[in-house]
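A quick write-up on the structure given underneath.
The values are calculated or read from the model by the stated rules, or taken from the named source; none is laboratory data. This is a predicted model, so every value here is computed, not measured. Here the Cβ is made from the backbone with ideal geometry for all residues, glycine too, and neighbour counts use every protein chain on show. Protein only, heavy atoms only, side chains kept; ligands, DNA and RNA dropped before computing areas. Shrake-Rupley method; radii C 1.70, N 1.55, O 1.52, S 1.80 Å.
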Amino acid sequence: MSSQKHHVAGLLQPYVAGGLAACVATMCVHPLDLLKTRVQVQIVAPGEAKLGSIKMAQLIVREGGITKLYAGLSAAIMRQAVYGTARLGLHDQLSKMFRDRNGGNAIPLYQKVIASMVSGAVGGIAGNPFDIAMVRMQADGHAPVEQRRGYTNVFTAVSRITKEEGILTLWRGSFPMVLRAIAMNTGMMASYDQCKEMLYPYTGKGHTTNLIASCVSGFVCAFTTLPFDLIKCRMMNMRVDPETGKLPYKNLVDCAYKIVRYEGFTTFWRGYWTFWARSAPHAMISLLLKDLFNGWYSQAFMK
């Protein structure tokens, strides 16, 4: 392989490996992500109990069959093809840049955080159109029949949103999405790298260390991300009230205020264990597959 092709292949490697890993991980945990979204967006009358994750799953399967747990999968895959590729690939590239400047040594925690925050923000902005399509497709089955949007796939969703509500709607909720992406990437990647370094003296370098670190990072990123994820889902799924002609939330602050006022502060972590059950396996699968795909890529293109 020529030096120029070798250089291009090296630049593409973190994005190819990260994007593929993110897409596969999303296919594995999509039902849990759908349950998390359905639990977050449900609105019930005062005094009426809200459904938890298990009852929500039972309701979905009873009404539409087990395949309904995969509603919005096409949007989720497209989202990861953009968002996951950007945040994982750029994170590895920035981390390598910091390591090179540090003489090839391990980088300090603050540089891990910087790499995670920057890559998370870029991925969040790029993936927002597919994220809003995914949220709406996942939430559609919980809405009254007359209010369902009926998107058949991610491309139909993006096309209709652009045509019916304007192209800027594709970035509705982008601010909480970016904050969520920063919280997710920092909680996942920075804690994963830091935890591995702390475990090396006790468990060495290998699969055991990676598994333990990925479990810890799943717990951390679920806690830091869920409040922003809730706000993002509420803002992306909102529709104009036919009586007032207004959207229910003006902006991120208004959404957060109304959630606290009418539903309580702990609502920000409603469905936490479902989100953790989704985040931990997603983190583990993404990070382990990323390492595996990196090895395969190196063998195929970097020799």
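Data for the structure
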{"quantity": "Sum of side-chain charges, ALA21 neighbourhood, beta-carbon under 9 Å (Lys, Arg +1; Asp, Glu -1)", "calculated": "0"}
{"quantity": "Distance from the stretch 250-303 to the stretch 220-239 (C-alpha centre basis), Å", "calculated": "10 Å"}
{"quantity": "Neighbour net charge for THR209 - beta-carbon separation under 13 angstrom, K R +1, D E -1", "calculated": "-1"}
{"quantity": "Principal axis dimensions, the stretch 132-202 - Cα atoms, whole angstrom, descending", "calculated": "59, 25, 18"}
{"quantity": "Mean residue ellipticity (222 nm) of the chain, computed from DSSP H runs ≥ 4 via -39,500 (n - 2.57), nearest 500", "calculated": "-24500 deg cm²/dmol"}
{"quantity": "Longest site-free stretch - the chain; sites: GluC sites (Glu not before Pro), DSSP loop, at most 12 other Cβ within 10 Å", "calculated": "49-242"}
{"quantity": "Estimated D of the stretch 75-191 in µm² per second, where Rh is the Kirkwood radius over Cα pairs and Stokes-Einstein applies at 4 °C, 1.567 mPa s", "calculated": "84 µm²/s"}
{"quantity": "Chain lengthening between ILE167 and ASP291 when straightened (0.36 nm per residue, less Cα-Cα)", "calculated": "41.0 nm"}
{"quantity": "Sparse-neighbour loop sites [trypsin sites (Lys or Arg not before Pro); the stretch 199-293; at most 15 other C-beta within 10 Å; DSSP]", "calculated": "LYS205, ARG239, LYS246, LYS250"}
{"quantity": "By accessible area with a 1.4 Å probe, ligands and nucleic acids excluded, highest first: order of MET198, MET137", "calculated": "MET198, MET137"}
{"quantity": "Contour minus Cα-Cα distance for PHE223 and TYR200 (0.36 nm per residue)", "calculated": "5.8 nm"}
{"quantity": "Full-stretch length increase - THR156, ASN105 - with 0.36 nm per residue and alpha-carbon distance subtracted", "calculated": "13.6 nm"}
{"quantity": "For the stretch 1-108: span of alpha carbons on each principal axis (Å, largest first)", "calculated": "63, 33, 17"}
{"quantity": "Separation of alpha-carbon centers, the stretch 78-151 and the stretch 170-184, rounded to whole Å", "calculated": "9 Å"}
{"quantity": "Where the stretch 104-162 is the region considered: accessible area per residue in Å², 1.4 Å probe", "calculated": "41 Å²"}
{"quantity": "Area accessible to solvent at PHE175, 1.4 Å probe radius, in Å²", "calculated": "120 Å²"}
{"quantity": "Per residue accessible area in Å² of the stretch 190-230, where ligands, DNA and RNA are left out and the probe is 1.4 Å", "calculated": "48 Å²"}
{"quantity": "Rg ratio (alpha-carbon, reference 2.2 N^0.38 Å) - the chain", "calculated": "1.04"}
